[in-house]
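Following: one structure in structure tokens, then a few remarks.
The values are calculated or read from the model by the stated rules, or taken from the named source; none is laboratory data. Not measured: the values here are computed from a predicted model. Don't worry about glycine lacking a Cβ; one is built from the backbone with ideal geometry, like all the others, and counts go over all protein chains shown. Ligands, DNA and RNA are stripped out before the accessible areas are found, and what is left, the full protein with its side chains, is counted by its heavy atoms. Shrake-Rupley method; radii C 1.70, N 1.55, O 1.52, S 1.80 Å.
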Amino acid sequence: MFKELQIILKRKLQRIIRLKPFTLFLAVSLINALLFLILMPFLGEHGFNWVVMENNSDFESADYFLCILFSLGKKDVYRFGVDACYSPLSYAFFYCISKITSTDKLLQGLDLLSIPYEDLIDMTPKLLTSPYQLLAFVIYSIAGIALYIFVIGELNLEKWKGYLLSLMVLTSVPLMFGAVERGNLTMYVAAMVLLALVFKDSSSPVKRELALLLIAAAAGLKFYPAFMGILYLKEKRFKEAGRLILYGILFVFVPFVFFGGVDGIIELLNSLSSLAIQNNYRCRIQFFKGIIMTFGISGMIGNLLNTGFICILIILMLVTGNKTRMMVYLAAALAFYPPNAYRYTLLFFLLPLFTWAVEEAEKCSSSNYVKAFLFSSIFSIPTLWGIITHFRLSFGYYTLTYVEFFIYLAAWGLLGFTILEDITEVVIWYRSKTCKVKRSGITG
């Protein structure tokens, strides 16, 4: 009896060990989420403080409400300064919400432009008193989440894997404890880019055209999804690339008619330039410029290195022969290049995750197991890490929490591992070519 039990346990253990990479990724992610749920009653408020950005609720839904406030400036929106750095299409979207919830009437008579930024943040709870504002925010968040579930439904995955992947994304740190917690529009932008990736190679011409419109609209909301155009250039789909540029111009520039015109364009460019040259990003590991500033590199050298970083990523995108790796480089460009980025930009790493899940994750290779670990570390609630570190909050630097440190170590690690994979392939190719030359020389 005992021997039979040993045999059964051994077989079960072998099955666990033989878990395919994607199944392992789902298991680790959902176990972390379940553990966090179990521990929350014991951790209390500290649990949420530990997992949310900046370890407090001071900025809860702040991005959503600040964008509504800024949108009320209409043609003067970019006079709010560097904090009003979104596109006019974004502010048009939030202005519509302000009209639906009568926020403009609630704040009637206030000179918003004369109010300091810190005081504007303090005003955001007041906006909840406008009619149906809370309901509007709930609809805004649910609609954003629903987009991800729809995208996953479009992937070529088994049903149970699709369900579990949806649950993983729903409970992920970049989405739930980043974009949703702050009400940041990146939640929509990343979903639009993901859906565009699914439609891009469809046999349906309508879906392929919709992919172009989605990328252009995403670029119209946040600018940097314009990097997606590189995919069309790499595949020599020049006509589609041309239409993408045309759609992009429409989505980016036409809304300026209502938000400052030419003066608005100049003011926005000044704000973006100011963000790019700021030197207070030390220990901001969420983007490349923050990394190099942590090592004391700033000024013109820092700007040149930042430009060099994005150029290298673009070159790697163009030369790599692996689709998942190409998506890692694209995600890194979208997440790590923009200055003053936060954890919600890691949603762009769903691009390589979804590509890997569909095309490679069933292969039981050592590299896929490494990727399974790194992807689960980027997206899942790092509860095991919290237990090891006793759920400590911050390292004492602005935005550098223990959760931030863990998920960004994994994100940068994934980029480094991907580059290493490509270098390894080049070395193997070069060695095989050298061997062939030597053999031909001997036989000759």
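Tabulated data
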quantity	calculated
Residues listed by number, region 328-353, amide nitrogen under 19 Å from VAL82 label point at 7 Å toward C-beta	336-343
Paramagnetic label zone (point 7 Å from Cα along Cα-to-C-beta, LEU35; backbone N under 15 Å) in region 344-387	373-374, 376-387
Nitroxide proxy distance, nm - points 7 Å out along Cα→Cβ at LYS126 and ASP58	1.9
Cβ-Cβ FRET estimate between ALA276 and CYS364, R0 fixed at 51 Å, reported to 0.05	0.70
Local electrostatic count at LEU212 - Lys and Arg +1, Asp and Glu -1, tallied over other residues with Cβ under 11 Å	+4
Size of charge dipole - the chain - debye, nearest 20, with Cβ of Lys, Arg +1 and Asp, Glu -1, no other charges	2200
Accessible surface, per residue, of the chain when the full set of protein chains is kept, probe 1.4 Å, Å²	49
Between region 260-295 and region 166-233, the Cα center-to-center distance that results, in Å	23
Sequence ranges 424-434, 340-350, 283-293, ranked by mean other-Cβ count within 10 angstrom, highest first	340-350, 283-293, 424-434
Convex hull volume per residue for the chain, taking Cα atoms only, in Å³	208
Förster-model FRET efficiency, 25 Å R0, PHE258 and LEU210, C-beta, rounded to 0.05	0.50
Rounded tilt (10° steps) of 133-154 against the dominant C-alpha axis of the chain	30
Cβ-derived FRET efficiency at R0 51 Å, LEU305 paired with LEU134, nearest 0.05	0.70
Rounded percent of accessible protein surface that carbon and sulfur make up, region 168-212, 1.4 Å probe	70
C-alpha long axis of helix 366-379 to longest principal axis of the chain, angle in °	20
Accessible surface of region 324-444, 1.4 Å probe, proportion on carbon and sulfur as whole %	68
Highest to lowest packing among 185-197, 353-365, 253-265, scored as the average C-beta count within 10 Å	185-197, 353-365, 253-265
Euclidean distance of C-alpha centroids, region 351-368 and region 100-156, integer Å	37
Linear extension gain, ALA27 paired with GLU235, 0.36 nm per residue minus alpha-carbon span	71.3 nm
C-alpha long axis of helix 117-127 to longest principal axis of the chain, angle in °	90
Charge dipole of the chain about the Cα centre (unit charges at C-beta), most positive-ward option of TYR397, PHE93, ILE145	ILE145
Label-point separation in nm, LYS99 to TRP429, each point 7 Å along Cα→Cβ	5.3
Nitroxide proxy distance, nm - points 7 Å out along Cα→Cβ at THR389 and ILE149	3.2
